[in-house]
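Notes to accompany the following structure.
The values are calculated or read from the model by the stated rules, or taken from the named source; none is laboratory data. Quick caveat: nothing in here was measured; it's all calculated off a predicted structure. Every residue, glycine as well, gets a Cβ built from its backbone with ideal geometry; the counts of neighbours run over all protein chains shown.
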Amino acid sequence: MAFLIDTQELKTGLIIFRRADVKHRNWYCRIKVPDQDRYKTVSLKTADINAARDRAFDHDADVRFRIKHEVPIFNRPFSQVAQDYADLQRDRAKAGEITDHRYKNVLSITRTQLNPYVGSNQINLVGQEKWEKYPLWRRSNGKGINGRVSDATIRTEMSIFRSIMVYAAGRKYIPESHIFKGKLPLSKARREEFTPEEYRKLHTFARGWVKKARTPFHEWYRTMAYNFLLIMCNTGMRPPEAKNLLWQDVEIREDKQGRKLVILRVRGKGKFRDLVAAGNVAEYLERVRAISKATGDSERVFTTIKGKPAASLYSGIIALLLKDSGLLFSASGSRRSTYCFRHTYATFRLSEGVEVHSLARQMGTSVKMIEDHYSHITPLRNAERILQGLPGWEPITAAPLAAAEVGRVNADVADPKGTKPKASKRSNPSLSRRDGSKASSVEAPNR
């Protein structure tokens, strides 16, 4: 380094020097961190060479003591570490691992909430007590909707708070023992899926909504958003996975019975996986391809009208559709987003009896996450067993198909005579259910 002058090596990995870019004559020392390609530079705050040497050895011993006892070597304020973490999320968003919205959310929460709370504190001094007192501080210093900061908002902020501490531990700024312990406090926010009735309403409304577009430009985007909605509700993809999906990641196959199925090779959150979907998804994808200017193998499936990757995944158009259909807000008052399509898929599949472990693998998540967020589906799925023996729910020993269907949740209504329901002429053949009946062909999620 050009600004180092009067350099003296006291021992291997320890030097003292003066700086040519300052006016004073004080000494500095630079210590190599053992077994790492990193150095710590310390101002010795003296111009006396003998005092400088003694202090340099003291600092070298301090570094070795910290390493031995797993005490952080480098002190940094929380605000600096939080910014480094936000920068990492920005890079992940550019790589398509997370959404740009996720990165902006991290940046906003860090700057507006976490930094005012602990930003000036050294990261190694931010302990469990700060974590536990955050909800009280947040409610005392924030307004929120209707004058109160919601539990869901505080949980989100505390999740990011903990993620920053995990990042700091990974960078050796703090020992792992400093990572906040325990579950997030406060109640969990309910995942806002569509009910079957709401989904049918949305699907019916959307078809007419597309036709009412005033210009070809608006019609293109409404058509794309509508098919995007259908694909998401029938696959359970995460928005970042849909954003990264290429045409070469789509494969159409048939099973041994000749039934069409779709395999999607998706990537997101730094992971890759294959998911399967019913044959109707192939039709929705073909509709997208038919109006897209980007149909090459290495091009994105979801694009703008000019064929460029759709950064927002039609969030504005979908918000307009949900608003116009009266479904932008759930019954609990929460605003819906494109993530509600994934939650709808999970809810419908669980209601239809899909086993939790299989669904977790299909959706690229953990069994615990499914159980934590969708446990309200379990009573519905097991209604027959839970209600067994109550009036009207006596055990059925031998019953025809129509009677057996009574115990199923969201089952198609069977014809008393056992005749097959008439298929809609506009629909495509769907995959058969396990009981041999045909799934509903109203372009609803396969349930």
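Observations, loosely collected:
- Scan of the stretch 320-334 for residues that are within 22 Å of the chain's Cα centre (by Cα) and buried (at least 17 other Cβ atoms within 10 Å of the Cβ), ordered by number: Leu322, Ser330
- For the stretch 22-36, the set of residues classified as among the charged types (D, E, K, R) and closer than 22 Å to Ala51 by Cα consists of Lys23, Arg25, Arg30, Lys32, listed by residue number.
- Residues of the stretch 267-311 satisfying the condition of being among the polar types (S, T, N, Q) and within 14 Å of Trp220 (Cα to Cα): Ser292, Thr303, Thr304
- Annotation note: Cβ proximity below 8 Å between a residue of the stretch 192-208 that is modelled with pLDDT under 95 and a residue that is polar (S, T, N, Q) and assigned to a loop (DSSP other than H, G, I, E, B) (sequence gap 6+ or interchain) occurs for Glu192/Ser330; Glu192/Ser332; Glu192/Ser334; Pro196/Asn410.
- Residue that is surrounded by the most Cβ atoms within 10 Å (Cβ to Cβ), among those in the stretch 154-166 that are under 14 Å from Val106 (Cβ atoms) and among the β-branched types (Val, Ile, Thr): Ile164
- Meets criteria (over 29 Å from Leu322 (Cβ atoms) and part of a loop (DSSP other than H, G, I, E, B)) for Ile164: no
- Test: residue in the stretch 33-52 that is farther than 30 Å from Arg111 by Cβ, over 41 Å from the mean Cα position of the chain (by Cα) and surrounded by fewer than 11 Cβ atoms within 10 Å (Cβ to Cβ): yes
- Condition met for Ala95 (among the small types (Gly, Ala, Ser), exposed (fewer than 14 other Cβ atoms within 10 Å of the Cβ) and modelled with pLDDT of 95 or more): no
- Residue list for the stretch 337-372, restricted to those being of a type in the set (Ser, Thr, Tyr) and either buried (at least 19 other Cβ atoms within 10 Å of the Cβ) or touching a residue at least 60 places away in the same chain (Cβ under 8 Å) (or both): Thr338, Tyr339, Thr344, Tyr345, Thr347, Ser351
- Selection status of Arg55, free of Cβ contacts under 8 Å to residues at least 24 places away in the same chain and either under 30 Å from Gly13 (Cβ atoms) or assigned to a helix (DSSP H, G or I) (or both): no
- Entry remark, the stretch 320-353: residues being assigned to a helix (DSSP H, G or I) and more than 18 Å from Ile231 (Cβ to Cβ) number 5 in total.
- All positions within the stretch 10-29 that are surrounded by 12 or more Cβ atoms within 10 Å (Cβ to Cβ) and either hydrophobic (A, V, I, L, M, F, W, C) or in contact with a helix residue (DSSP H, G or I) (Cβ under 9 Å, 6 or more places away or on another chain) (or both): Leu10, Gly13, Leu14, Ile15, Ile16, Phe17, Asn26, Trp27, Tyr28, Cys29
- Filter pass, Asp100 being closer than 19 Å to Ser163 by Cβ, of a type in the set (D, E, K, R), surrounded by fewer than 18 Cβ atoms within 10 Å (Cβ to Cβ) and out of contact with any Gly (no Cβ under 7 Å at 6 or more places or on another chain): yes
- Among the numbered conditions (1) more than 30 Å from Ser332 (Cβ to Cβ); (2) in a helix (DSSP H, G or I), the only one that Lys172 does not meet is (2).
- Checking Val81, Val106, Val118, Val71 one by one, the residue that is under 29 Å from Ile15 (Cα atoms) and crowded, with 18+ Cβ neighbours inside 10 Å is Val81 and no other.
- Conditions (1) under 17 Å from Gly182 (Cβ atoms); (2) modelled with pLDDT of 90 or more; number of the one not met by Arg155: (2)
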